[in-house]
Amino acid sequence: MEKIFKICDNTYTFNAEEDVDISFEKLSSEGELSLYKVAFKWKEKVFPKKITLEYKIPCTDVYTVWDSYRVFATDQTVTFRKTQTKSRLASGMPLKQMFSKRGINRHLLAVSDVRTPMTLSMGSYSRPIIDRMTISVDFFTMLTGPFDSYEAIIRIDEREIPFDKAVKDARKWYNEFGYTPAFSPEFTKLPMYSTWYSLWQTMTADELIRECKEAVKYGMKSVIVDDGWQTDDATVVYGYTGDWKPVKSKFPDFKGTIKQLHDIGMKVILWFSVPYVGYFSKNYQRFKGMYITDDGKSRSNCSRLDPRFKEVREFLVETYVNALKEWDLDGFKLDFIDNIESNGIVDERMDIVTVEEATEQLLKDVYTALTAIKPDIMIEFRQSYYGPVISAYGNMIRVGDCPLGSEKNKDNGIDLRLVSSSCAVHSDMIIWAKEDSDESVASQLWGTMFTVPQISVIFDNITDSQKKILKTYLDFWNEHRETLTSENITAVAMANGYSEVSCINNDEKITLAASSVVFEMDEGVNNGYLINISGKDELVLKCKKDAYVYEIYNVLGEKIGSAQTVSEDVCLVNVPYGGMVKVKKI
């Protein structure tokens with residue numbers, strides 16, 4: 001069935017696969033910012049089929065499309081087909097935007113319902129009128145319900161303001177619905193060492209201790225003990241997940257190892273793949289019939305638990321509580337929550353029908369149980385599971401896996417900064433080859449400076465100059481972290497990346513020049529730092545002449561020459577690739 005609404009010279013068309021009463025009305029409008037209410041009503045409780053809202057706007061000064069999840073889809077350009085943003089409680093969020101070449105917001109769409117599975121789309125495929133952008137929302141893209149009515153608020157922002165401000169305003173709007181992030185303890189905001197890329201699944205207690213003894217020298221305060229502590233067989237990927245017992249061949253005294261890490265000065269965060277139960281685990285048969293998928297043919301050698309069963313939720317909560325108590329952990333890396341998704345099947349043994357509701361109940365139970373024991377417990381989530389609801393149960397959100405992908409690490413980190421409110425945003429684990437150039441290593445590190453760094457190298461496998469670069473970076477990060485993690489973050493966006501990013505805190509400004517080469521000292525800023533990862537060796541300073549001095553530092557953090565007075569309001573300075581210019585008001 002089709003239903004059309006005409007509001008303020010625009011046409012909004014709904015298409016439904018079943019008989020449903022549809023209402024759509026404008027609630028308010030403040031200039032170019034409007035709120036609409038959409039409501040569906042059925043004659044009885046149903047598991048609703050897909051309902052699509054579609055409307056068109058002129059393609060006026062639209063350069064690119066933006067959303068907060070670019071882990072697997074990097075193309076943000078305007079395409080002949082619509083680009084999609086999928087959203088549900090445990091993956092992504094219903095927010096999508098178009099902006100201009102100058103980075104000015106043109107159209108931002110946000111939906112208040114961040115739990116229900118839906119897809120937002122924007123693109124130019126709107127025959128026969130090709131000069132229009134087509135925008136759509138597909139509601140109920142996975143099993144949800146049953147219910148006989150549904151309501152949501154749609155927020156459309158067409159204000160001519162910087163794109164990043166429009167995005168941050170939309171994120172603040174979600175807080176009006178009670179979506180407040182979890183408390184982020186101090187240690188979630190400090191650099192960490194991760195074993196994932198460096199030690200992989202083969203790590204031993206001795207190797208872990210050895211690397212952490214080095215990591216603390218660089219200012220890292222926590223270690224994430226990733227996959228491998230529970231198995232000595234790396235050939236079957238996740239085949240031995242689900243029992244969650246340390247393998248004796250590598251960790252003969254797991255509690256003792258954790259105490260050693262504490263004595264070194266490291267907090268300990270332990271990895272668990274939440275839904276996975278491996279085919280070779282003792283618990284595999286126990287949960288037969290309670291898996292989302294269980295065909296015995298997964299390339300990962302595991303099945304996925306279904307949290308709609310109370311027994312599953314109780315098992316997972318008990319597992320984490322026992323681990324916390326037995327091993328004196330400081331945090332949990334809860335992985336693959338985004339892989340808990342509906343299979344479209346309902347079982348009468350389930351006490352919760354929808355996967356979204358069951359996932360939230362699981363996370364709420366886990367968070368409540370763990371914080372009751374240790375209020376400052378650290379809980380790491382990872383793209384794509386983030387957003388207004390899920391961030392109430394995790395206090396660290398990390399960029400999705402992109403080893404050696406420095407551009408993606410940078411851009412995804414900024415994406416998360418714009419939509420994660422006060423949650424601590426972390427980089428993906430940073431690793432590099434010993435043969436890599438100093439400039440390339442520095443560029444990868446500095447590119448992630450607006451997120452909390454996670455480092456994953458074997459220290460004996462990197463050069464002395466690379467060690468010096470790492471130390472320079474982490475010393476700078478720790479010294480300036482209040483500015484680097486400040487909410488006053490601004491970004492200059494291109495079609496597929498950020499060319500410039502800045503944070504201002506009090507009288508300090510720190511800017512990353514990724515491809516832009518201009519640094520401007522704002523009014524009230526007395527101390528400025530411009531990091532050059534543009535690939536060029538020249539940058540432009542814009543500040544009042546004779547009022548500032550500047551110093552140049554090379555890729556190793558060594559000062560080049562003496563301080564120079566800014567001689568022109570706009571001047572060209574030689575800053576090595578991977579280096580820095582410090583600017584200070586006289």
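Can you tell me how the stretch 293-405 classifies by the Cα gyration tensor, rounded, prolate or oblate, using a/c under 1.5 as the rounded cut?
Working: a/c = 1.59, a/b = 1.20, b/c = 1.32.
Note, shape of the stretch 293-405 comes out oblate.
What is the magnitude of the charge dipole of the stretch 474-586 about its Cα centre, with +1 placed on the Cβ of each Lys and Arg, -1 on the Cβ of each Asp and Glu, and no other charges, expressed in debye to the nearest 20?
140
In the stretch 85-126, carbon and sulfur make up what percent of the accessible area (probe 1.4 Å)?
46
Aspartates and glutamates near Lys325 by alpha-carbon distance under 17 Å, same-chain residues fewer than 8 away left out - which ones?
Correct list for Lys325: Asp243, Asp253, Glu314, Asp365, Asp376.
Given a 1.4 angstrom probe, what's the average accessible area per residue across the chain, in square angstrom? Write down the numbers at each step before the final one.
Details: 23750 Å² over 586 residues.
On a per-residue basis, the chain sits at 41 Å².
Pairs Lys408/Lys582; Lys189/Lys408; Lys165/Lys374; Lys250/Lys288; Lys165/Lys584; Lys50/Lys82: which exceed 25 Å Cα-Cα?
Lys408/Lys582; Lys165/Lys374; Lys250/Lys288; Lys165/Lys584
Excluding Ala323 itself, calculate the net charge of residues whose Cβ lies under 14 Å from the Cβ of Ala323, where each Lys or Arg counts +1 and each Asp or Glu counts -1.
Cβ neighbours under 14 Å give a net charge of 0.
Taking the alpha-carbon set of the chain, what are its Rg and Dmax in Å?
In order Rg, Dmax, the Cα atoms of the chain give 25.3, 79 Å.
Which of Asn412, Val425, Ile458 sits farthest toward the positive end of the charge dipole of the stretch 405-487, with +1 on the Cβ of Lys and Arg and -1 on the Cβ of Asp and Glu?
Val425
Place the peptides 112-118, 319-325, 403-409 in order of packing, highest mean first, counting for every residue the other Cβ atoms within 10 Å and averaging per peptide.
Most protected by this proxy first, the peptides run 112-118, 403-409, 319-325.
So if I average 1/r over every pair of distinct C-alpha atoms in the stretch 447-562 and take the inverse, what Kirkwood radius in Å does that give?
15.5
Placing +1 on the Cβ of each Lys and Arg and -1 on the Cβ of each Asp and Glu in the chain, which of Gly239, Asn395, Pro185 has its Cα farthest towards the positive end of the resulting dipole?
Of the listed residues, the answer is Gly239.
Explain nothing, just the number: dipole magnitude of the chain about its Cα centre with +1 on each Lys and Arg Cβ and -1 on each Asp and Glu Cβ, in debye rounded to the nearest 20.
Values: 72 positive and 86 negative charges, 52 e Å.
So the dipole magnitude of the chain works out to roughly 260 debye.
When a/c is below 1.5 the answer is rounded, else prolate if a/b is larger than b/c, else oblate, so apply that to the stretch 463-510 with a ≥ b ≥ c taken from the square roots of the Cα gyration tensor eigenvalues.
Taking the square roots of the gyration eigenvalues as a ≥ b ≥ c, the stretch 463-510 is oblate.
Can you send over the carbon and sulfur percentage of the accessible area for the stretch 281-396, probe radius 1.4 Å, protein chains only?
44
Binning at 10 angstrom from zero up to the longest distance, how are the C-alpha pair distances of the stretch 494-575 distributed in percent?
17, 51, 29, 3
Need one number for the stretch 154-226: average projected area of the convex hull over its C-alpha atoms, nm².
That works out to 8.3 nm², a quarter of the Cα hull's surface.
Taking the Cβ of Val525 as the center, what net charge do the other residues with Cβ under 14 Å away carry, scoring Lys and Arg +1 and Asp and Glu -1? Display every interim value, and only then the final one.
Numbers: positive: Lys509, Lys542, Lys544, Lys582, Lys584, Lys585; negative: Asp507, Glu508, Glu520, Asp522, Glu523.
Local charge sum for Val525: +1.
May I ask you to order 326-332, 143-149, 26-32 by the average number of other C-beta atoms within 10 Å around their residues, highest value first?
Packing proxy ranking, top to bottom: 326-332, 143-149, 26-32.
Summing Lys, Arg as +1 and Asp, Glu as -1, what charge do residues with Cβ under 13 Å from the Cβ of Glu2 carry, Glu2 excluded?
Details: positive: Lys3; negative: Glu17, Glu18, Asp19, Glu54.
Net local charge, Glu2 excluded: -3.
Ignoring ligands, DNA and RNA, what percent of the accessible area of the stretch 443-534 is carbon or sulfur (1.4 Å)?
Answer for the stretch 443-534: carbon and sulfur cover 41 percent of the accessible area.
The values are calculated or read from the model by the stated rules, or taken from the named source; none is laboratory data. Quantities reported herein were computed from a predicted structural model and do not represent experimental measurements. Counting neighbours? That spans all protein chains shown, and the Cβs are built from the backbone with ideal geometry, glycine included. Keep in mind that these areas ignore ligands, DNA and RNA; they rest on the heavy atoms of the full protein, side chains included. Shrake-Rupley method; radii C 1.70, N 1.55, O 1.52, S 1.80 Å.
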